[in-house]
1. Within the range 456-465, is even one residue in contact with a Pro (Cβ under 9 Å, 6 or more places away or on another chain), in contact (Cβ under 8 Å) with a residue 12 or more places away in the chain, not aromatic (Phe, Trp, Tyr) and not assigned by TED's automatic domain parsing to the domain that holds residue 193?
2. Within the range 130-167, how many residues are among the hydroxyl-bearing types (Ser, Thr, Tyr) and touching an Asp or Glu at 6+ places or on another chain (Cβ under 9 Å)?
3. May I ask you to list the residues in the range 445-493 that are among the polar types (S, T, N, Q) and either at positive phi or within 27 Å of the chain's Cα centre (by Cα) (or both)?
4. Which of the following residues is more than 30 Å from residue 457 (Cα to Cα) and over 34 Å from the mean Cα position of the chain (by Cα): 497, 533, 548?
5. Consider residue 127 carefully, then state whether it is buried (at least 23 other Cβ atoms within 10 Å of the Cβ) and either charged (D, E, K, R) or out of contact with any Asp or Glu (no Cβ under 6 Å at 6 or more places or on another chain) (or both).
6. So, restricting to strands (runs of 3 or more DSSP E) that lie completely within the range 302-419, which ones have at least 3 residues that are on the phi > 0 side of the Ramachandran plot and buried (at least 19 other Cβ atoms within 10 Å of the Cβ)?
7. Taking the range 466-491 only, how many residues are touching a Lys or Arg at 6+ places or on another chain (Cβ under 7 Å) and buried (at least 24 other Cβ atoms within 10 Å of the Cβ)?
8. Can you find a residue in the range 86-109 that is touching a helix residue (DSSP H, G or I) at 6+ places or on another chain (Cβ under 6 Å), among the charged types (D, E, K, R), under 30 Å from residue 397 (Cα atoms) and part of a helix (DSSP H, G or I)?
Amino acid sequence: MMTQGIPMNAEEIYQQAIAAYRSGRYAEAEALCGVILQSQPDHFDALHLSSICRSEQKDFTQALQLLKHALAVNPRAANAHNSLGNLYEDLGRPDDALVSYTEAVTLKPDFAAAWFNRGNVFLKLGRPEEAVSSYERALALEPANAFAWYNCGFALNGLGRLAEALASYDEALRLNPGSLEIHTNRGNVLKELKRFEEALVSYDRALAIDPDYAGNYINKGTALFELKRFDEALVNYDKALAMTPDQPYLLGSWLHTKMFLCDWAGFAEAVKKLVLATERGEQATPPFALLAIASSAALQLQCAKSYASDKFPSNQQPIWCGERYAHDRIRVGYFSSDYRNHPMAQLAAGLFESHDRSRFEIIAFAFGGPSDSPIRKRIERSFDRFIDVSAYTDQEIAEWVRSLEIDIAVDLNGFTTNARTGIFAMRPAPVQVNYMGYPGSMGASYMDYIIADPMLVPQQDQRYYTERVVYLPHSYQVNDAAKQISERRFSRSELGLPDDSFVFCCFNNNYKITPDVFDIWMRLLKMVSGSVLWLLEGNATAAKNLRLEATKRGISPDRLVFAPRVSVLEDHLARHRQADLFLDTFYYNAHTTTSDALWAGLPVLTCLGNTFASRVAASLLNAIGLPELITFSRQEYEALALALAGNRDRLATIKEKLARNRAAYPLFNTALFTKHIEAAYSAMWERYQKGSPVEEIYIET
């Protein structure tokens with residue numbers, strides 16, 4: 001090549017090639033390198049740059065040949081090993097890329113870009129701890145690399161090291177304040193930390209950058225839902241649905257939020273759409289949201305299996321590897337976020353206290369954060385060890401469980417708020433049990449058993465559970481015989497109830513109320529003169545909407561009376577005495593709420609459904625000897641409610657029977673229940689000790 005008649009040397013041509021490459025003129029840069037290689041076929045820099053240009057033009061095969069030639073010329077060129085790593089990533093060969101990046105940093109330990117690339121490939125390979133180490137090396141050399149801070153935050157988040165992830169995102173944001181991705185992921189970490197208000201600020205800043213990114217309307221909706229700001233959550237879910245209706249789990253989250261508000265506009269169509277989408281195998285809803293609408297045990301299982309596989313896949317390298325522990329006592333670990341003023345704690349406190357300490361060692365793993373409630377203090381005293389693991393990652397907790405040689409790990413959350421299902425996905429214990437928190441199958445191979453009873457899971461329905469069913473003889477639900485009812489005597493007038501009228505009652509969460517059961521309730525109010533329906537006020541919008549729905553059905557909204565939530569359980573139980581009959585919901589029954597009503601002396605009328613969640617009230621009524629309050633059709637449910645409202649003597653007889661049975665029947669016999677569940681644990685433990693396969697367990701009375 002000549003310039004104004006003067007031959008150019010290789011270095012000058014190479015510099016022209018570099019300039020062309022930097023301007024994006026890859027073909028020209030490659031041609032200039034070709035001129036050099038004609039006379040100097042082993043010119044390392046020309047080979048290296050030609051390879052990069054070929055790669056930019058997506059000719060990866062030729063790029064690889066050129067780069068291997070360059071490395072044959074100079075095998076100790078760290079920058080070429082880094083380029084080879086990039087090329088292997090383009091070719092979808094991350095393991096080979098890792099070898100190349102590692103060689104690059106071995107040859108040149110201060111090579112920040114190679115450390116960064118090495119971190120990225122570790123992330124792709126699902127090795128976040130090693131990714132973090134590489135990013136830290138990159139950042140020590142190049143602390144102004146916003147991408148490295150961001151990716152390090154992403155890896156730390158994946159490890160559950162949320163506080164460190166947040167610090168990394170903050171540093172990335174300082175360097176790159178206009179990044180949609182950083183604001184979004186910072187919000188996600190804050191959401192995981194339960195700092196929902198701060199998360200909303202991050203999402204709003206992200207939306208200011210890109211108002212068309214539907215994901216952040218979903219993120220806002222989730223945070224607002226957790227703050228119980230359901231109206232605002234619904235607005236954001238509406239926006240997301242209008243933009244990207246096929247986002248995973250969005251349709252179910254949207255419908256579930258509407259149900260918290262008792263917003264039934266388009267309800268039937270939405271339910272049908274959700275069910276059909278789930279039947280097609282789409283990730284249309286979180287499993288919990290499916291429980292409160294008309295579905296089936298088969299569909300709930302399909303949904304749970306899909307969700308577990310997506311969100312909490314089984315660890316390919318389980319932490320427990322088949323060892324047999326030899327302990328004097330069976331070690332049972334109870335895992336929950338709800339060791340606080342929560343229905344689970346109120347039900348199970350007596351169980352924890354009643355365990356036979358000569359045969360069982362009982363250890364709590366608490367991950368819901370601190371609580372100074374009396375029930376928390378009582379529960380802490382009841383365990384042999386109470387371990388608050390809130391600040392630890394799933395991996396750390398699972399390893400802790402293994403080090404303590406827990407025989408049986410009992411998940412009291414399932415797919416409910418603040419669950420830590422990831423712990424169980426790592427298989428830290430020989431036996432893992434789904435109990436009480438989630439009323440259905442978790443659809444996960446790592447959950448061995450589900451605690452149930454014959455009413456909840458008929459034998460023909462075992463196929464709808466990936467777990468093997470443990471059949472307790474009476475009811476699956478534990479109750480606390482020490483539960484107190486306030487001595488306070490509420491009058492009807494102070495509760496807003498008429499003195500002489502019949503009071504139908506339902507203290508279920510508002511999202512469990514569906515239009516079909518509400519239709520029946522309104523017909524009852526029409527037929528029973530002066531009667532009222534006493535409901536729990538979950539939120540002001542739900543109360544407003546239910547009054548509007550009553551008006552649509554020809555019922556004065558004044559005949560709906562809303563009870564505010566009270567912080568003292570004993571007072572809540574005491575006010576039950578002013579109701580005449582508790583009317584259950586269909587698809588997601590009253591669970592703890594049924595037990596509360598029966599304990600307070602209030603009869604509960606239910607209609608037996610076809611899923612775990614819709615059969616719980618029947619299980620509880622059976623265990624207290626009141627099967628006459630279990631109906632088997634909507635017509636029978638309505639007819640019996642009407643009959644009891646019209647025959648006070650018959651209702652009084654049932655109340656007297658309930659009062660007698662409370663002490664005589666198994667439902668509230670905590671000691672008997674403890675004996676039965678301990679027999680179940682012993683049977684599980686014996687099978688595992690023998691190396692026998694997991695199978696159904698039947699506990700005799």
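1. First, pick out the residues of the range 456-465 that are in contact with a Pro (Cβ under 9 Å, 6 or more places away or on another chain): 456.
Filter again for in contact (Cβ under 8 Å) with a residue 12 or more places away in the chain, leaving 456.
Next, only the ones that are not aromatic (Phe, Trp, Tyr) stay: 456.
Adding the requirement that they be not assigned by TED's automatic domain parsing to the domain that holds residue 193 leaves 456.
Yes, the range 456-465 contains at least one residue that is in contact with a Pro (Cβ under 9 Å, 6 or more places away or on another chain), in contact (Cβ under 8 Å) with a residue 12 or more places away in the chain, not aromatic (Phe, Trp, Tyr) and not assigned by TED's automatic domain parsing to the domain that holds residue 193.
2. Filtering the range 130-167 down to residues among the hydroxyl-bearing types (Ser, Thr, Tyr) leaves 133-135, 150.
Then keep just the ones that are touching an Asp or Glu at 6+ places or on another chain (Cβ under 9 Å); that gives 150.
Total meeting the criteria: 1.
3. We begin by selecting, within the range 445-493, every residue among the polar types (S, T, N, Q); these are 445, 459-460, 462, 466, 475, 477, 479, 484, 486, 491, 493.
The answer is 445, 462, 466, 475, 477, 479.
4. Working: 533 fails: over 34 Å from the mean Cα position of the chain (by Cα); 548 fails: over 34 Å from the mean Cα position of the chain (by Cα).
Only one candidate passes the filter, namely 497.
5. Values: buried (at least 23 other Cβ atoms within 10 Å of the Cβ): no; either charged (D, E, K, R) or out of contact with any Asp or Glu (no Cβ under 6 Å at 6 or more places or on another chain) (or both): yes.
Here the answer is no, as residue 127 does not meet what is asked.
6. Working: elements: 330-336, 360-366, 385-388, 408-411.
Ranges flagged: none.
7. 0
8. Initial filter on the range 86-109 (touching a helix residue (DSSP H, G or I) at 6+ places or on another chain (Cβ under 6 Å)): 87-91, 94, 96-98, 100-101, 103-105, 107-108.
Filter once more, so that each one left must be among the charged types (D, E, K, R): 89-90, 96, 103, 108.
Those left that are additionally under 30 Å from residue 397 (Cα atoms): none.
Within the range 86-109, not a single residue is touching a helix residue (DSSP H, G or I) at 6+ places or on another chain (Cβ under 6 Å), among the charged types (D, E, K, R), under 30 Å from residue 397 (Cα atoms) and part of a helix (DSSP H, G or I).
The values are calculated or read from the model by the stated rules, or taken from the named source; none is laboratory data. Everything numeric in this text was worked out from a predicted model, so none of it was measured. When we count neighbours, we look across all protein chains shown, and the Cβ atoms used for this are built from the backbone with ideal geometry, even at glycine.
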